Each structure stands twice: as structure tokens, then as C-alpha cells.
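The values are calculated or read from the model by the stated rules, or taken from the named source; none is laboratory data. Keep in mind that what you see is a predicted model, and the values were worked out from it rather than measured. Using ideal geometry, Cβ is built from the backbone for each residue, glycine included, and neighbour counts are taken over all protein chains shown.
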Amino acid sequence: MKRYLVLKNGSIYKGNGFGSKKIVHGELVFSTGMTGYQESMTDASYYGQMLVFTYPLIGNYGINRDDMESLHPTVNAIIVKETARLTGNWRSQMTLTRYAEIEDLPGISCIDTRALSKELRSQGSMEAVVVDSLDEKVIHEAFERPLAISSAQMASTNSIYQAPNSGLRVAMLDFGLKDSILRALAKRNVNVIVFPSDTSAEEIMKINPDGLLLSNGPGDPLNISYALPTIKKLEAKLPVLGICMGHQLFALANGAKTYKMKFGHRGFNHSVKDKNQTRTNFTSQNHGYAVEEASLKNTDLEVTQREINDGTVEGLKLKNCPAFSVQYHPDASPGPHDAEYVFDEFIDAMKVNQKAGNK
Amino acid sequence: MPKRTDIKKILVIGSGPIVIGQAAEFDYSGSQACLSLKEEGYQVILINSNPATIMTDTEIADKVFIEPITVDFVSKIIRQELPDAILPTLGGQTGLNMAKELADSGILKEFHVELLGTKLDSIEEAEDRERFKELMLQISEPVPESKTVNNIDEAVEFANKIGFPLVIRPAYTLGGTGGGFAYNLDEFKEIAHNGLRLSPINQILVERSIMGYKEIEMEVMRDHKDNAMIVCSMENVDPVGIHTGDSIVTSPVQTLSDREYEMMRDAALKIIRNLHIEGGCNVQMALSKESMQYYIIEVNPRVSRSSALASKATGYPIAKLAAKIAVGLNLDEINNPITQTTLAQFEPALDYVVTKIPRWPFDKFTSADNHLGTQMKATGEVMAIGRTFEESLLKAIRSLEIGKNNEDYQDTTTKDLINNLMPATDNRIFEIAELIRRNVTIEEISRITKINIFFLDKIKHIIEIENSLKTDHSIELLEIAKQYGFNDEEIAQLWHQNSDEIRDLRKQNDITPVYKMVDTSAGEFESHTPYYYSTYEQENESIKTSKPSVLVLGSGPIRIGQGVEFDYATVHGVQTIQQMGYEAIIMNSNPETVSTDFSISDKLYFEPLTLEDVLNVVDLEQPEGVILQFGGQTAINLAEALHKRGVKILGTTVDNINRAEDRHQFDEIIKKINLPQPKGDTATDTTEALKIANKIGYPVMIRPSYVLGGKAMEIVNSDDELNHYMHNAVKVSNDHPVLIDSYLLGSEAEVDVISDGDTIVIPGILEHIERAGIHSGDSMGVYPPQQMHRSVQEQIEGDAIHLAKALDTKGLMNVQFVIKDGKAYVIEVNPRASRTIPFMSKVTKVPMTQLATKIMLNHKLADLGYQTGLVEQAKRISVKSPVFSFSKLPMVDNTLGPEMKSTGEAMGSDKSFSKALYKSFIASGIQIPNTGTVLFTVCDKDKATAVNLAKRFRHLGFQIEATKNTQEYFEKYDLKTKCVGKVANDDVINPVTELYKHHVQLVVNTIDNSNTTFDDEAKIRGAAIESSVPLFTALDTVSSLLTVLEAQAFDVTAL
């Protein structure tokens, strides 16, 4: 079935529809990862976005049981050059197209995804719709459909839940967390209690946590400024680790500013320099907003990590507290594991804090 | 750390002559490294014995030494040049081994020469199986159970403990020479025995076979600061069991989930960090198809064939950056040469699919064992890029130029096809396609071959499109077929039209290719790399500039008869075009070469060299013209077709190219200008051939017309032999006649000519050392001529000038002569750059390719300071020797003859002929014994010459052994000769046992021209090659070897 991807600027890409036949409207972004489509499609940071994969063959290893980052797809649509009709991996349980059908996820294949990504690179991320005809009315109506604005709130859990374990106790504020963060903590025997994004500091302190983790999540951090007082209160009491959206909220809570990037960082090959290490690390990234470095001037925050090419602030630390954050995903999934040490630093910070508290 | 300032002068070691397993990729890495070091301000000294390379050009290094890569010669250069450091990790295994030998010899310590790049100890840790295994155990990286053994008993003991299948890998051999899989004890003993002998340290690794696992490779880089990254991941379509050099390989990995990919990435990085690699490195791994279990296969602690492929597949120049790391720079301090705005610490993201297919020599070596295993047999490779796997695969297949993408399997039963799948041969991909055509399920094919069903489904998809095309002639399907890589020719066949009609139809319907950029970042960063591939999609990124341009066609994959020397010509052509103010555009399909680096030309199209693909680029670029003369026969074969379609061919016109290549037209010219030529004619059937042969008299030289490298060329002595040839060797038809010439047993010579139509310059005459009957590519050659009479030289000069005028040559031409009784006869003319261009350019110092390019751009030789005639001879004497890869190709008939068999060449030059000869022998890898035993087994017609040679050996103190007939003959001439028995009779002492016992240091073996391979003779030659004993099959070569030995020896004669 022919379907069309129509961009806000009027560009039209003709392709073949697969999965759901519904008309969708969303922000169009691209990822340069050559593997990991399953993780990305279910990564809540992409909530409500249309995801373009720059690697042309998608679905080669199918969809498996274990690599989900949430229970269901979080993206609005997937845009690909080609989907594999047969998969080549023992873990595969179904093809990508079958999964898209089951999950009611619209997809388009046969798209010149390189042309599309380059267009997004030069003009910035933009809104787009997937429609069945080029009728102006249809397109217009599609663009009228509401975008997922407060997406972080949408992506967050509605109720508190626990990922029990025998070690340290971490409270996680959920802005649309990826399961890989839970896995990384579980690997370190951390007992995680996940809270909805609007939970108060008092509520969180009731469980007597050893540390606070601010999760990743989709959209503009300014849309969830309601979480800032909670962060501000807790960082004085607990070691804090912010990841991605959590990093941006951590910055905002301490008086810094964020901005929307032209087309963001989405991929696995962004190299980041941690000033405490000699070597640089490849990181898994997925963000359309970033912390404005100039705004850090009169705050207690210092930059600990930077992307080596464009200098984007990738890590922050509070000067006198064990509270820090990273813009990338130390939990990877998909992407390289080079920065997994961030979790160990968080664990160490909690242990140090525990000792200090016990004294 | 910034770059080192304590070192100023760096010696770079090249990889020497091209052999299977170590080919053009090291010319690429070596020249990149030298340029990269020069760019950083270091003084670069280069040693390489291979003249047919770009790296041995004087522009590449500050000083270039074309000398044998042996401890003696490299030490001499060290003493003379006093370099501060050596960079050994870019010259393949040859470079590494030389570094080890130099370190062992103590010279590096003596002269305080530092080894740059990965430290020697790390290299040893990576290459020594036992140490490597220990390290893997230490860092918990899994390796298959294995044992390193130094003798057969230990090997058998281990085999009995583990069970089969087992794999045997000899230590320190190129391309896995001498390795293999064993399924039972008998096979095991044979392979283990062979492997132990071939390993220079008599060591093999025996290990559990992981055959059938997914074979994954990662090209990794690491620097001083411990920055480490994956440049490129590759997945072999052929699973573990076939050497990766003989496997179809795709990049990036296709069937690994991110979880698996990252697991293997972690392993690769952990390994190179623990090995303290500084530079480029290749990690080979095997991943189970049913679990997360993986094994580390091996690590190459240097740039390799795979890193050349990875550089071209990603655009990321590994060798260039490895050189910078070697001098202390770090990845996060070096600018990324592709984007120029980002840093080199960047893992490339691909937005296309790359397929590499090896190019095997089995079209030339029809008797060779074409089964693929752990020993690499390919001479070269092609790479193709597409936006679908199918497209990249089909583009790669047509880049092979083997003329069979729809091979006719009419006469092969399905059962036979299935049986052929395992063990695999070079035809497997075509057999799989045919089986799918016959509705054999891909599940069944996967069960047999263990090839991932994902890849088989892609082949199935191609067949489905092929089937649809048979009945559906719609534009929609045409477009789909193009998107999946079908060429016009294939579609035309299925539609019963010609390819021009398909082309027109496409153009009418706007189905034309677009060109996409290879930019390492999948479009994320703006790049300026002028590196493109075609595909059928929406957006074209290659924009024609306003500058007038010239398109140069490369020569495609390296194969016997068409090697790296054509890349030399291509690159020089491109550079000259740029100097002349034009935009230079290059098309080529070979990832191993210098010409396919994006920095060489103004625009690089990585494309197959077929008519359609060239026309497409011409349509877009509208060049002033196309240069075909540098791309070997590959490019010349396109001349007429391009010309017919209105493409302007620069240089010699197509009519004149045809006049040189078409036998009848050429004969007319020879007659017209009255040049001596061996009698000959053309035949289109056997009766005619017999008539001609009898008219001119036997022996005759017979070959098909339009050949490359002397394919199917033979010397025939009788009607019987001629009949045999006509029925077995060639398919003759009116379109494909055979050429029959009188075979003159004289000496041979050749000249390369540069002509602008008015001035005709002959830089020099290359005199062959072996007499006629041995292909010019397999002959040793010397410049300036040593034994050629002045009058003959003058005749050759005059004849070449006449020919160039008669053919109105504009650019290069190569003429070959046979000299008999003081008269030179023209035997062949090639209207293009020849194999000898780099050698002759270097020894005569006449930049032939550059001059030819200028001529093609309308410059006159007279204005460039040249005049008609032979250029004044150089004083220094230079000898070119062929280098063979017989040890990699069992069952290839290794007797030299009219068909070319060498894979590379080496050069030796010095002030005297014997010294130059000596160097040339040494450089080509022949161990010249000073004492010992020489085994003669020669045919009757050679006995008279042989006895004199044997006497010369005796005089030098050698002992002589011979088979019965030869021995009797020698004794008759008062030569004491030990008689050895016959192999066939299983005599206790026979030539083969003598060789295996190392009783023989040199073998001279000749056979009749009848080309009937005697079993005994083949076994003797095989044994000589296996035991690395120098084997000579041409008496002239032996004579020149004696010249060397005699020059070295003190004469001991009684009063």
C-alpha cells in the first residue's frame, strides 16, 4: 500500500506502508545507530516521535522477547528504507512488520532515508504526518492532530512500583524511563522504587532511599518544570544521578537553562570526554534538548563531560554535593557500553553518603 | 600527547612483492602511511622491493629504496640513513616479520632505532598462539580449546583427546598457508604434517572446529591514551570455515542484534586494550547461531587486507590515522579527514550496505583445486555499495568481470549442485542461486552450508525478481529490478531486448541512478568527501562542477595478468589530470587500491566497470573525455562500446585500438610497414587450424583472440596436440577465432612507447632473461639490455616508432618482440599501459603515465622536452623477477609457459648485472643456496643445455642428482651424478623423498612442450614448492642464477 510522509515544509516522500494503517502526526527525528531498532522503538524518550533509521536494512534480526525498553512501542511511526521479510537471528520471535501490525504501529518503507535525514540535518527536526493520499485536506487534517506535548508526563508511570533487590535503595523519578536503567541497577543489586514524575520530595523520602535517580524521558524539559522543586529539595539530602531528561531537569533545578537543538543527537557514536578520565568514551545518545553552557555561570553546577565535536554539555556536577548527571545513556541499550562506569560512580557516591550518615 | 618531536626520520617497511594473502592493500596502507607521516613533517625513508607500487614513487617518501626486504639490506639502509624510528605495522606480515628479525639481530639497539606503533612484545603476544590464548584466558575472553604443538605426535595426542572436526593453523604464515580442517585422523595427520613444515618456527595450532558459526570481524583502532573504537564491523556471508579473505563479506554486520553487537564490541575493545595496540588492528570472532556463545578466532596486530576493505567500506582512512597514532597523536587530537570539522575519535555510521567478493584465479588456473577453506586462494577482491543488500551483491558480482552472473547450469543436476555446496568452491554463490531457481528451499541450503537464512532470502529475492521479469515487462518492475541491483544487460536478456533499448526505456521513464556520498556519519554531519556510489533512489548528491573534467577508468580487481601496476598508472594519470587544471574523476571497484581512496581524485565513483555503469557516470559528469589506457584490459574492452555511444575516448582512437587488437587488421599494418613478424593466421575451426599450422610448420603458438595474460595460450608441436587443444582448451567460433603463429625459439624483449603522433619516445628496452615461450609477465627482465646486439636494439627502436605511427598512437603502447638470428619479430602490441610501466618508469626515470596523460590532453612531447627515439640508457642495471603464489594453490601446474602464472614482481638493481640479478632473486623470495645438491630432471630437448648448467654447478661445489635418463646423459658427458629413483615406482630414494628430507637445495625441472603433465614431474614440482626449495622450470633462469653464484664465488681450480 502506497503511503506518504509529508513534512511540515512541504517535502513529500512516497513509500510503502506497513504495520498500522492509521494516520499519524509527530515530530520527525533520525537515529544513526546501525543496530538496536527494537530498543529505540520502545525507548520512551522517543515518545510520540516519528523515528527515521538511517541504516537502510531494518528488521534483519527480527523482534525478540528480551530487548524491549518498554512493554510497547513508544514511537509514533517508523520510517525505513527496507524491512527484512525474513530474520536471521535465533532470538527473533517475529518480523518487524508483524510486530508493527500487532502493536498498531504505522511504518513506511522504501523511503530515501538518507535524503530525509539530510533534510532534517539542514532544516532541523520538524513535524510530519503519515497519510494515504496527497489530498491537501487530508494532509491539513493530519497536521491538525494534536502532538504529544507533555510527553514526559504521558511516558511516566501512574503509580509507584518496586524493582526489588537486595542492595542499595534508589528512588527513581520516572519521566519515561528505559528498562535498561533498571537492568543496569539490578546488575548492581540495587533495589529500585519507581515514582511517577510528579511525586513530592516528602513522599519519596518516606521510603528512606540511599539515592535519587532522575530518569530519561521525551520532549522539552520545560514541560515538566513541576518536578524541579522535588529535585532541588532531594539533592541536598541524597546522592543524585540524572540521565538524559534527568540531566536537563537537574540543570534546570539548579538555575541553568536548556535549549532545543537543531536536530539533536541520536545515535551511538557520539564521543564524550569526561574530564576525570584520559580516554574518551562512545555513548548512546537520544536527545533533542541540551543544557546551555553559558547559563551555568552563576550556578553551583560545573561541567564534567562534553561531546568532543560540538562541545555539548554531556555531564554536570553540583559543586558541594554528590549530585551529578549525564546527558547520554550510560545504560546504552542500544549502543556502546563505554560509559557504564557512571552507575558505579553513583553507587560509590551512595555508599560514601551512607557511611557519612551512619557516623 | 601531541606528536613526537624527538624523532625526525622514520623508516617505513613495505610488504614486498604481491602474493596471495598479501596484495595491493599494503601498497594502499603503506603509501597512506608515508604521506601521513610527511604531512606531520617527518622525513620518511621507504624500503620495498616491489616496483609496481605507488608507494615506491619518489613523491611518496623522501627517500625510496627498492631493495630486497631482508635483514642484510634493511640493516645496510639503517646504517646509511640512521633513522630514529621504524614503522613496521603497515607493511603486512612481511613488515612485521622484518621488524622482529631486525630486533633480534641487535641492529635496532646498536643504532638506537625505535619501533613505532604497537610494541613488539604486543605483536608477539597477539601472534604467538600460546601467549594469545593465555592472555584470553586471563581476561576471560573465550577461545576454542586448542593446543600449540611442535611435532606430529603431540598433535595426534591432542586430536584423540578432543575429537573431530579440528582445525589446524600454522604459526606465522601468510593467508593461513598450510592450514585446514580435518574430519578424521588420516586427514588430520596429513594437514598437521604439512603445517608444521610450512611454519617458519615449525609450530601449529590444533583447535576445536567452530565451523558454521557466524564469522564477525571488527576493525579496531586504539591510541596511546587508551581511546579505542570500532571503525567497521563486518559479517561474513560464508560462515566460519572459509578464510575471511575467501569469503563474501558484508558490512556492517547484518544479523546481529544490538545486544550481540555490543557484546562483541566490548570483547574486541577489551582485547586490544589488553594487547596495548597502538594503531589499527583486526579482531576476528565467531558467534554461535543458537546462543550468545562466542569465540575469539584471532587478532591481527597491524593493518591488514580487512582494514583496507574497512577503510573503503566506511570512508575512514585507517592506515593514515594508524601512522599518526604511531608518532604519538591521539584519536581525539586528530581531525577527521572526512568531515574536517569533527575529530577522528568517531565510530563511522553507515547508511548503505557493502559487499565484498573475492576474485579467485581459477579462471586462469583451471587445474587448481578450487575448494575454499582456511587457506586463502583469492588474488584480489571487489567491493560494491548499495542501499539494499541485493543491490550491493549484484553490483559486486558484475564487478568481478567473470562473465557469469547467470551461469548456465543446464547440464548440472540438482543433486550435483547440492553436492557442490560443501566443501564450497568459488562458484557457490551461483550454485545457490541456481538451486533456488530450481525451487530447493533456502532452509535446505542453509542446513547444508550454514549460511544464514537472512542472506539466502536476499538471493531468493533476486531470483523472484528475475522470475517476475520473465513475464512482467512493466515500468514498475523495471524500477524495482534496478533498485535491487539488476543491470540493463540482465533485464534485456529476460525481456529479449538489447541493453540499449532498456537504457532508453529507463531514461524515458526517469529511472536513472542517483549517487550518494560515503560520509562516515550516515548524513549526520556535513561532509566534503567526494566519494560516491550509485543507487536508484530519490536524491542525487553528486553535483557536476563547472570545471572541465576527465574520467579515468581503473582496472578492477587484482587478478593474474592484471595487477597493482595498473593502479599505479591510474593514480598517476589522475594526478596529472589535476595538474593540467582539470577535475579528475575516477571509477573503480577494487577496495585494496590507492586509486579508490577518496583523497586521490576530485571525485571517486566506487562502481563496477561495466558499460552501463560507466555510461551512467558519463551522463552525469559529461567529462571532456574518458581515459581507458590505464585500466588494463578491463577498460580497453569497453572502448568500442563507449565510442559507439558517443563517449569521447582520449588518446589512441578506438579504430586504432581495434587495429592493434584485431589480428587481421594488425597483420595488414605489419605488412604495410613491412615489419618482420612470425608467420601466422587466424582459424575459426579445427580443419582451418590444422591447415594453417601445417602451412607455417610446427611448433606453433596458439591462443584465442582478445586475451588477457595469455589465457589458454599453448605451444603445440603436432597435429595431435593441435586437435587436443582445439577440442579441449577453447571454444572456437566465428566471433572467437584462435590465433596460430609460428613459434620462434628466440630471446624476447619488450618496449613501452609514448607517442603523441609526431614524437615517439621509447624510454628503454626490457630484455627478457628467459627465451620465448614463457609469458612476458613470468619472465625475468633486465634493463638496460645485457646481451642484445646494438643492431637489434636499433631495429626494435625503429619498428616501435613505425608501429606507433601506423597505429597513430596517442599515449602509451607496449610492443613485444622475439629475437632470432639477429632479427626482431613483432609478436604482440597492446595499445595501452602495460604491466611494465611502473618498472620502466622507475628505472628509466621517464614518467610515462604522466607524459601519456599530457598527450591525451593535447600536449606535445616536443614541448615537454622529448624527442623521437630511444632515451639514453641509464647506468644502473635493474632486474625484474616474477613472484608466484604456488604454495597457496595446490594442484596448479607450476611449470612456466605461455600462460601467465605470477601474482607479483620484485626488483633488484645495482651497478653490475650479477649483483642486480642477485638482489632480484633474493627480493622475489628465492633462497639462493651457496652449497648443497641440485636435482635435475629435464626433458630430452633440454638435456644438452642442462648438462652445461649442471657442470657449472659442479664447478661451484654443488652435488648433482638426477632421474635416470638425465643421470645417464650427464654421466656420458663426464658429470658425476647421483641417480634417484622414480616417484611412481615408490623407489626408496626418489626426488620427492629427497626434497622432503631436505637433501636437495635446488630443483631444475623441464618438461616437453606437449603440455602433457607427467605425474612424476608434477609431484616433484609440488614437493619442491611445499618444501620451499627453489624450483626452476626455465633453463635460462638457471643460467642467470649461475651467473650470480659464479660472481659471488671464489674460483677454486687446481693447477
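Can you tell me how many residues in the stretch B:397-422 are within 24 Å of residue B:381 (Cα to Cα) and free of Cβ contacts under 8 Å to residues at least 60 places away in the same chain? Total satisfying the criteria: 9.
Scanning the stretch B:335-366 for residues being touching a helix residue (DSSP H, G or I) at 6+ places or on another chain (Cβ under 8 Å), modelled with pLDDT of 95 or more, over 30 Å from residue B:896 (Cβ atoms) and of a type outside the set (S, T, N, Q) gives a total of 7. Among the residues of the stretch A:5-62, those identified as within 14 Å of another protein chain (Cβ to nearest Cβ), in a loop (DSSP other than H, G, I, E, B) and among the aromatic types (Phe, Trp, Tyr) are A:55, A:61.
The residue of the stretch A:290-342 that is nearest to the other protein chains (Cβ to nearest Cβ), among those that are within 22 Å of residue A:36 (Cα to Cα) and surrounded by fewer than 20 Cβ atoms within 10 Å (Cβ to Cβ), is A:340. Taking residues in the stretch B:972-991 that are under 15 Å from residue B:1021 (Cβ atoms), and partners anywhere that are loosely packed, with under 11 Cβ neighbours inside 10 Å and basic (Lys, Arg), not one pair has Cβ atoms closer than 6 Å while being at least 6 places apart or on different chains. Pairing residues of the stretch B:520-547 that are within 11 Å of chain A (Cβ to nearest Cβ) and in a loop (DSSP other than H, G, I, E, B) with residues that are among the hydroxyl-bearing types (Ser, Thr, Tyr) and surrounded by fewer than 19 Cβ atoms within 10 Å (Cβ to Cβ), at Cβ distances under 7 Å and at least 6 apart in sequence or on separate chains, gives B:525/B:341. In the stretch B:212-224, is there at least one residue being more than 11 Å from chain A (Cβ to nearest Cβ), surrounded by fewer than 24 Cβ atoms within 10 Å (Cβ to Cβ) and either over 24 Å from the mean Cα position of the chain (by Cα) or part of a strand (DSSP E or B) (or both)? Among the residues of the stretch B:212-224, at least one is more than 11 Å from chain A (Cβ to nearest Cβ), surrounded by fewer than 24 Cβ atoms within 10 Å (Cβ to Cβ) and either over 24 Å from the mean Cα position of the chain (by Cα) or part of a strand (DSSP E or B) (or both), which makes the answer yes.
Can you name the number of the only condition in (1) crowded, with 24+ Cβ neighbours inside 10 Å; (2) touching a helix residue (DSSP H, G or I) at 6+ places or on another chain (Cβ under 7 Å); (3) modelled with pLDDT of 95 or more that residue B:604 fails? Answer for residue B:604: the failing condition is (2).
Filter the stretch B:135-171 down to residues that are of a type in the set (Val, Ile, Thr), outside any loop (DSSP other than H, G, I, E, B) and in contact with a helix residue (DSSP H, G or I) (Cβ under 8 Å, 6 or more places away or on another chain), then give me how many there are. Number of matching residues: 5. Quick one: would you say residue B:189 is in contact (Cβ under 8 Å) with a residue 12 or more places away in the chain, in contact with a helix residue (DSSP H, G or I) (Cβ under 7 Å, 6 or more places away or on another chain), surrounded by fewer than 23 Cβ atoms within 10 Å (Cβ to Cβ) and part of a helix (DSSP H, G or I)? In short, yes. Being within 12 Å of another protein chain (Cβ to nearest Cβ), at pLDDT below 95, farther than 18 Å from residue B:42 by Cα and not in a helix (DSSP H, G or I) is the requirement here; does residue B:332 meet it? For residue B:332, the condition - within 12 Å of another protein chain (Cβ to nearest Cβ), at pLDDT below 95, farther than 18 Å from residue B:42 by Cα and not in a helix (DSSP H, G or I) - is met.
Per-residue answers, yes or no, for (1) free of Cβ contacts under 8 Å to residues at least 60 places away in the same chain; (2) crowded, with 21+ Cβ neighbours inside 10 Å; (3) within 30 Å of residue B:213 (Cα to Cα):
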site: B:453; (1), (2), (3): yes, no, yes
site: B:456; (1), (2), (3): yes, yes, yes
site: B:472; (1), (2), (3): yes, no, no
site: B:480; (1), (2), (3): yes, no, no
site: B:488; (1), (2), (3): no, yes, no
site: B:497; (1), (2), (3): yes, no, no
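Residues in the stretch B:940-954 that are closer than 13 Å to residue B:974 by Cβ and in contact (Cβ under 8 Å) with a residue 24 or more places away in the chain: B:947, B:950, B:951. The stretch B:443-511 holds helices (runs of 4 or more DSSP H) entirely within its bounds, and those carrying 2 or more residues that are closer than 30 Å to residue B:286 by Cα and within 12 Å of chain A (Cβ to nearest Cβ) map to B:453-471. Just one of the listed residues (B:1038, B:1000) is assigned to a loop (DSSP other than H, G, I, E, B) and in contact with a strand residue (DSSP E or B) (Cβ under 6 Å, 6 or more places away or on another chain), namely B:1000. Of all the criteria given as (1) surrounded by 24 or more Cβ atoms within 10 Å (Cβ to Cβ); (2) modelled with pLDDT of 95 or more; (3) under 26 Å from residue B:378 (Cβ atoms), the one not satisfied by residue B:195 is (2). If you go through the stretch A:63-92 and keep only what is closer than 25 Å to residue A:28 by Cβ and facing another protein chain (nearest Cβ under 8 Å), you end up with A:67, A:81, A:82, A:84. Considering B:852, B:833, the condition of being at pLDDT 95 or above, of a type outside the set (Phe, Trp, Tyr) and in contact with a strand residue (DSSP E or B) (Cβ under 9 Å, 6 or more places away or on another chain) is satisfied by B:852 alone. Pairs only if they're at least six apart or on different chains, beta carbon under 6 angstrom, first in the stretch B:49-74 and without any contact (Cβ under 8 Å) to a residue 40 or more places away in the chain and over 25 Å from residue B:849 (Cβ atoms), second surrounded by fewer than 21 Cβ atoms within 10 Å (Cβ to Cβ) and among the small types (Gly, Ala, Ser); list them, first residue then second. Within 6 Å, the pairs are B:71/B:105. With the structure loaded, tell me whether residue B:381 is more than 14 Å from every other protein chain (Cβ to nearest Cβ) and within 30 Å of residue B:228 (Cβ to Cβ) or whether it fails that test. The answer is yes for residue B:381. Criterion applied to B:693, B:660, B:641 was being free of Cβ contacts under 8 Å to residues at least 60 places away in the same chain, of a type outside the set (Asp, Glu) and surrounded by 21 or more Cβ atoms within 10 Å (Cβ to Cβ), and the one residue passing it is B:693.
Considering only the stretch B:855-902, state which residues are at pLDDT 95 or above, within 24 Å of residue B:773 (Cβ to Cβ) and of a type in the set (Gly, Ala, Ser). Across the stretch B:855-902, the qualifying residues are B:878, B:881.
So for the stretch B:559-580 (the condition being within 19 Å of residue A:111 (Cα to Cα) and in contact with a strand residue (DSSP E or B) (Cβ under 6 Å, 6 or more places away or on another chain)), does at least one residue qualify?
No, that holds for no residue.
If only one of B:303, B:237, B:253 is more than 12 Å from every other protein chain (Cβ to nearest Cβ) and either touching a strand residue (DSSP E or B) at 6+ places or on another chain (Cβ under 7 Å) or closer than 30 Å to residue A:87 by Cα (or both), which one is it? Answer to the check: B:303. Return the only residue of B:919, B:915, B:964 being outside the structural domain of residue B:773 (by TED's automatic domain parsing), among the basic types (Lys, Arg) and without any contact (Cβ under 8 Å) to a residue 60 or more places away in the chain. After applying the criteria, what remains is B:964.
For the stretch A:167-189: of the residues being assigned to a helix (DSSP H, G or I) and out of contact with any Asp or Glu (no Cβ under 6 Å at 6 or more places or on another chain), which is farthest from residue A:221 (Cα to Cα)? Looking at the filtered set, the residue picked out is A:187.
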